[in-house]
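Chemist: Quick one: this structure, given as structure tokens, is what I'll be asking you about.
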Amino acid sequence: MKSTLNGVVTATGNGKTFSTNGLDLAVGGSSYSTVQFRGNLSEAILFGVDKYTSGDIASIRENVGDYFTQNTPLLDTYSGAAAAYSLRKLSSSYSGSAIRVRRSSDNTEQDIGFNVFGELDTVSLLAFAGTGDAFVKTWYCQSGNSNDATQTATGSQPKIVSSGAVIVENGKPAVQFDGTDDELSVSSYPFSQSDIYIASIGKHTDTTTEGNLYSFGNASTIYALGFNRDAASTYSATRFLGAHEAQGDSYNQTQSLFSQLYASSTTSAYLDGVQGTQSYTCRGRFNSNSIGGRDGLYFLNGNIQEIVIYDSDQSANRTNIESNIATFYDITL
Amino acid sequence: MNGYIIVLPEGTLTSEHRAKAITRELYNITAPLVTQEPYQKDGTVFGVIEHPDGIQFALQVDTEYNIPVSPLATLEKLITLMLELSEVEIRQLSSYVLNAQSFPFGAIVPSTTTVRDQAYMIEHGWFPNENEID
């Protein structure tokens, strides 16, 4: 018998055989002594065959590990977000819906929440949308700061259901922006200090046309992430305070994890966990806060699944936050 | 096609009031007033942008945007707002409402109306760049 901890064998010994010793299987204690377990147990799986020698243990461990990564809400572990938009539940303490949608057939609206797994309740979504289309009117902020992102004009609302089918990317629901006028507006600038971190999952499918994944600006400072501003097939994250402090690199129009960090007076941009090497810039606008565009121009042609915004330096947590997001959205870092 | 329709003032209606009334009436084609929930009372189809002069307003339109038609939809108010429509176009618009389940917005744009592109709008000062970083 072998015992492992986080995939590493820590002990070996002789096991007990239930069929011959007549002992009952016990969980949370021992069936043949008075020793009892004190702590929390989330899952126990008993296989009747050897899964170590067969090699299955690796995939079983990955499956279990992914489940608990995905089902421990991100903000439970990495708290303090200033705004958070997602199609999965990001915080155990958040009791609201994920999105408010409008169906095309009669402009009726409905809030859509999460299922028991903390993912978008697509059953309710499809029951509401029927065979038509459904669009996102409001992407609710899960941070507790009520920075909801909204679009009241129906013609500019991004799509979530197309002809009775949920729009997906890598098997997970995605909000689709059409690249012509779709955009969500955030009512207030989400930052109160200069150190920030923004992680997002999305894509821009145009190789040359400019587009913004987001742009957040007050009267003096702008944080934005956009595409194709200085060269074709590129992304850029910028902080503008009198001048650009920007970083970016080439980009291949696929679903990716973008992140932007400003800490220690330095801007850093990452694509799937890899830091950019170019000083590419992107558009932004003062006194305007938008998702999927830059306040009336430079619209995203692609989709977004999640944007998490911190009003603080997350250098120490960046890799873990991005690992959590990448695991859930099936992005390879 | 994405573009902009600059809405001219007409009679007692300013450019702003007329633009906002048109986009509101387009919304009402899909969800007529008699069927609306309270949250639908401010619904619109297209966004309205304001020129920095504070006088001119424009609709940010998508001519391919599909507008579903409610069986209870009425057109009288929309027609009074879209004075550029010819008699033929009014009949065509009425036909859509009577016979179609939906129609693209571009099908009811009056023939005398020009849909402007982004370059035109920037050139004519609709999007001043003093607030934009370059």
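The values are calculated or read from the model by the stated rules, or taken from the named source; none is laboratory data. Bear in mind the structure is a predicted one, so any value in this text is a computation, not a measurement. Every residue, glycine among them, receives a Cβ derived from its backbone with ideal geometry; neighbour counts consider all protein chains shown.
Chemist: Identify all residues within segment A:210-242 that are among the hydrophobic types (A, V, I, L, M, F, W, C), within 14 Å of chain B (Cβ to nearest Cβ) and touching a strand residue (DSSP E or B) at 6+ places or on another chain (Cβ under 9 Å); write none if there are none.
Modeler: A:216, A:222, A:224, A:225, A:237, A:240, A:241
Chemist: Go through the residues of segment A:75-82 one by one and say whether even a single one is in a strand (DSSP E or B), surrounded by 12 or more Cβ atoms within 10 Å (Cβ to Cβ) and at pLDDT 95 or above.
Modeler: Yes, the conditions are met somewhere in segment A:75-82.
Chemist: Let me ask something additional. Do we find that residue B:27 is crowded, with 19+ Cβ neighbours inside 10 Å, assigned to a helix (DSSP H, G or I), touching a strand residue (DSSP E or B) at 6+ places or on another chain (Cβ under 7 Å) and more than 14 Å from chain A (Cβ to nearest Cβ) in this structure?
Modeler: No; evaluated as a whole, the condition is false for this residue.
Chemist: Testing residue B:133 on (1) in contact (Cβ under 8 Å) with a residue 12 or more places away in the chain; (2) within 13 Å of chain A (Cβ to nearest Cβ); (3) out of contact with any helix residue (DSSP H, G or I) (no Cβ under 6 Å at 6 or more places or on another chain); (4) surrounded by 14 or more Cβ atoms within 10 Å (Cβ to Cβ), one condition comes back false. Which one is that?
Modeler: Result: residue B:133 fails condition (1) only.
Chemist: Here's something else I'd like to know. Over 23 Å from residue A:142 (Cβ atoms), in a loop (DSSP other than H, G, I, E, B) and of a type in the set (Val, Ile, Thr), is that true of residue A:238?
Modeler: No: the conditions fail for residue A:238.
Chemist: Could you list all residues from segment A:131-167 that are of a type outside the set (Gly, Ala, Ser), outside any loop (DSSP other than H, G, I, E, B) and away from every other protein chain (no Cβ under 13 Å)?
Modeler: Within segment A:131-167, A:136, A:139, A:160, A:161, A:166 qualify.
Chemist: On to the next question. Give segment B:9-44 a look and list any residue that's touching a helix residue (DSSP H, G or I) at 6+ places or on another chain (Cβ under 6 Å), within 24 Å of residue B:124 (Cβ to Cβ) and among the hydrophobic types (A, V, I, L, M, F, W, C), or say none.
Modeler: Across segment B:9-44, the qualifying residues are B:21, B:22.
Chemist: Which of the residues that make up segment B:96-120 are among the hydroxyl-bearing types (Ser, Thr, Tyr) and in a helix (DSSP H, G or I)?
Modeler: Across segment B:96-120, the qualifying residues are B:96, B:120.
Chemist: May I pose another question? Only residues that are in contact with an Asp or Glu (Cβ under 8 Å, 6 or more places away or on another chain), facing another protein chain (nearest Cβ under 9 Å) and in a loop (DSSP other than H, G, I, E, B): list them for segment B:41-72, please.
Modeler: Across segment B:41-72, the qualifying residues are B:46, B:70.
Chemist: Listed residues A:177, A:128; which is out of contact with any helix residue (DSSP H, G or I) (no Cβ under 7 Å at 6 or more places or on another chain), closer than 24 Å to residue A:205 by Cα and either assigned to a loop (DSSP other than H, G, I, E, B) or among the hydrophobic types (A, V, I, L, M, F, W, C) (or both)?
Modeler: Unique residue meeting the criteria: A:177.
Chemist: Select from segment B:25-54 the residues that are touching a Lys or Arg at 6+ places or on another chain (Cβ under 7 Å) and of a type in the set (Asp, Glu) and list them in ascending order.
Modeler: Across segment B:25-54, the qualifying residue is only B:25.
Chemist: Looking at B:24, B:91, can you tell me which residue is modelled with pLDDT of 95 or more and not small (Gly, Ala, Ser)?
Modeler: That would be B:24, the only listed residue that is modelled with pLDDT of 95 or more and not small (Gly, Ala, Ser).
Chemist: Identify all residues within segment B:51-65 that are of a type in the set (A, V, I, L, M) and farther than 24 Å from residue B:108 by Cβ; write none if there are none.
Modeler: B:55
Chemist: Now a separate question. Name the one entry in A:208, A:108 that is surrounded by fewer than 16 Cβ atoms within 10 Å (Cβ to Cβ) and of a type in the set (Ser, Thr, Tyr).
Modeler: Going through A:208, A:108 in turn, the sole match is A:208.
Chemist: Exactly one of (1) at negative phi; (2) free of Cβ contacts under 8 Å to residues at least 24 places away in the same chain; (3) of a type in the set (Gly, Ala, Ser) is unmet by residue A:146. Its number?
Modeler: So residue A:146 meets the others, but not (1).
Chemist: Would you check if residue A:121 is modelled with pLDDT of 95 or more and charged (D, E, K, R)?
Modeler: yes
Chemist: Go through segment A:138-160 and count every residue that is more than 16 Å from residue A:289 (Cβ to Cβ), over 19 Å from the mean Cα position of the chain (by Cα) and not small (Gly, Ala, Ser).
Modeler: Here the count works out to 2.
Chemist: Would a scan of segment B:104-113 turn up a residue that is within 14 Å of another protein chain (Cβ to nearest Cβ), surrounded by 16 or more Cβ atoms within 10 Å (Cβ to Cβ), in contact with a Leu (Cβ under 9 Å, 6 or more places away or on another chain) and closer than 28 Å to residue A:210 by Cα?
Modeler: Yes, segment B:104-113 has at least one match.
Chemist: Restricting to segment A:287-301, and then to whatever is at pLDDT 90 or above and out of contact with any Leu (no Cβ under 8 Å at 6 or more places or on another chain), can you tell me which residue is farthest from the other protein chains (Cβ to nearest Cβ)?
Modeler: A:289
Chemist: Restricting attention to segment B:10-24, and to residues there that are assigned to a helix (DSSP H, G or I), of a type outside the set (Lys, Arg) and free of Cβ contacts under 8 Å to residues at least 40 places away in the same chain, which single residue is farthest from the other protein chains (Cβ to nearest Cβ)?
Modeler: Looking at residues that are assigned to a helix (DSSP H, G or I), of a type outside the set (Lys, Arg) and free of Cβ contacts under 8 Å to residues at least 40 places away in the same chain, I get B:17.
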